[in-house]
Amino acid sequence: MIEIQTKVGGKSLTKVSGDDLKKVFGEAAFFQSLPPVCPRCKSEFRLAHRCFEGNHYYTLICDNGHQSNLGQHKDGGALFYKAADSWKTWQEIKDEKGGNGAQGNNGSQNRQEAPPDMPSGPPADDLPF
């Protein structure tokens, strides 16, 4: 059994283990690819997962509400950190997608509301992760 311990976001310790060295190495490398703090405000972040209409979303959310969505490889489903994506608040993302009343290509409102289980502000202190 191979075991690697690594920090996630400078906050919590994570243990990755398994029998396949390449798989364990890859999983540990993912956690080490994450920044130690939110690049925008330098606050700590947490890992978040939500499922909306059968789709799974994996996100990093900092204490000030900035978030960065993780990518998922089509082959194998492993997660990866999209370092080029900037950390934005839900309101900034909503405004970018036309949630501010901008007209879409078909003339209809391009308004998107937050999914019901999407965090809309700073994380609550009583969350289990």
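Laboratory data are not the source of any read-out in this text; all were calculated from the coordinates shown. Computed from a predicted model, the values in this text were never measured in an experiment. We place every Cβ from the backbone using ideal geometry, glycine too, and count neighbours over all the protein chains shown.
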Seminar exercise, completed: Residue separation between H73 and C51 times 0.36 nm, minus their alpha-carbon distance, gives in nm 6.2 nm
Seminar exercise, completed: One finds, for M1 and A29 with R0 = 25 angstrom and r their Cβ-Cβ distance, a FRET efficiency to the nearest 0.05 of 0.85
Seminar exercise, completed: Taking 65-71, 36-42 and ranking on average Cβ neighbours within 10 Å, highest first, one gets 65-71, 36-42
Seminar exercise, completed: Counting only residues 5 or more apart in sequence or on a different chain, those whose built amide H sits under 5 Å from that of S43 are C38
Exercise. Say each of S86 and R40 gets a label point 7 Å from the Cα, pointing the same way as Cα to Cβ; how far apart are those two points in nm?
Worked result: 0.9 nm
